[in-house]
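Comments concern the structure below.
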Amino acid sequence: MLFLVPSPIGNLADITFRAIDILKSVDLILAEDTRTSAVLLNHYQIQKPITPYHQHNEHKIVAHLTEQLQAGKTMAMLTDAGTPGVSDPAFLLVRECVKHDIKVECLPGATAFVPALVNSGLPMNSFCFEGFLPLKKGRQTMFKKLAEEERTMVFYESPMRLVKTLNECIQYFGAERQCCVSRELTKKFEENKRGTLQEVHDHFNSKVVKGEIVIVVAGKE
């Protein structure tokens, strides 16, 4: 059986009792980054075998992991922060489990875009989650398509590319479009900057940006 276990996006207290019980009970923990997951596991005194599972090795080891699961081994998957499969590795192994009738269970828990969307103050009765935008190929095409999107849009971004992405949002959506950028959610220095795209761009362009980023942009009126 495979368990997908959401991990805290910043505050280590944001994990469920059930997630801790699952991590203590499985035979093997799959981790996107073993060093990052070790911090969480050590904090809760969880001592289990742990092996890397990330975008660079998942194609190589997915068949081996599937065989182990078929043989009765239980596994839990942890990504660096949030729910596995949401802009993180998980899809390939889940697909193989479904194909081979291996039970998969996803626990409820932390996902960065949910608190960012809820506290943005923008409409959330209907929204689209785009994850990370393409870095090069298809990026311009994606922006042109999203320029006509009427739902609230949610993106993940790195701190290094935040200002560039906001500048592109201004180019395609207009400087007066409302948005909110959430940074370091659940952590000590959490920041939620709301305003027009131009105002938010200018705010972050004047400082060094650190931490995980979620961008929420209003849809076209």
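The values are calculated or read from the model by the stated rules, or taken from the named source; none is laboratory data. Here the structure is a predicted model, which is why all the values come from computation and not from measurement. Note that we place each Cβ from the backbone using ideal geometry, even for glycine, and neighbour counts take in every protein chain shown. Note: accessible area is taken over every heavy atom of the protein model, side chains too, but ligands, DNA and RNA are not part of it. Shrake-Rupley method; radii C 1.70, N 1.55, O 1.52, S 1.80 Å.
Only residues that are under 30 Å from I22 (Cα atoms) and of a type in the set (K, R) were counted in region 95-144, giving 3.
Applying the set (1) acidic (D, E); (2) within 28 Å of T16 (Cβ to Cβ); (3) outside any helix (DSSP H, G or I); (4) in contact with a helix residue (DSSP H, G or I) (Cβ under 8 Å, 6 or more places away or on another chain) to D88 leaves exactly one unmet item: (4).
Filtering region 58-78 down to residues that are without any contact (Cβ under 8 Å) to a residue 60 or more places away in the chain and open to solvent by less than 30 Å² (accessible area, probe 1.4 Å), which residue is nearest to N11 (Cα to Cα)? Working first, answer last.
The first filter runs over region 58-78 and keeps only residues without any contact (Cβ under 8 Å) to a residue 60 or more places away in the chain, leaving 58-68, 70-73.
Filter once more, keeping what is open to solvent by less than 30 Å² (accessible area, probe 1.4 Å): 58, 62, 65-66.
Numbers: E58: 28, V62: 30, L65: 30, T66: 32 Å.
Among residues in region 58-78 that are without any contact (Cβ under 8 Å) to a residue 60 or more places away in the chain and open to solvent by less than 30 Å² (accessible area, probe 1.4 Å), the one nearest to N11 (Cα to Cα) is E58.
Filtering region 1-33 to residues that are under 26 Å from P115 (Cα atoms), of a type in the set (V, I, T) and not in a loop (DSSP other than H, G, I, E, B) leaves I20, I22. Kindly establish whether I22 is buried (at least 21 other Cβ atoms within 10 Å of the Cβ), among the β-branched types (V, I, T), within 25 Å of T186 (Cα to Cα) and touching a residue at least 12 places away in the same chain (Cβ under 8 Å). Criteria not met by I22.
Residue by residue through region 26-47, note down the ones that are open to solvent by 70 Å² or more (accessible area, probe 1.4 Å), under 21 Å from M1 (Cβ atoms) and either basic (K, R) or in contact (Cβ under 8 Å) with a residue 12 or more places away in the chain (or both).
Of all residues in region 26-47, those open to solvent by 70 Å² or more (accessible area, probe 1.4 Å) come to 27, 35, 39, 42-43, 45, 47.
Within this subset, residues satisfying the condition of being under 21 Å from M1 (Cβ atoms) are 27, 47.
Of everything in region 26-47, just one residue is open to solvent by 70 Å² or more (accessible area, probe 1.4 Å), under 21 Å from M1 (Cβ atoms) and either basic (K, R) or in contact (Cβ under 8 Å) with a residue 12 or more places away in the chain (or both), namely D27.
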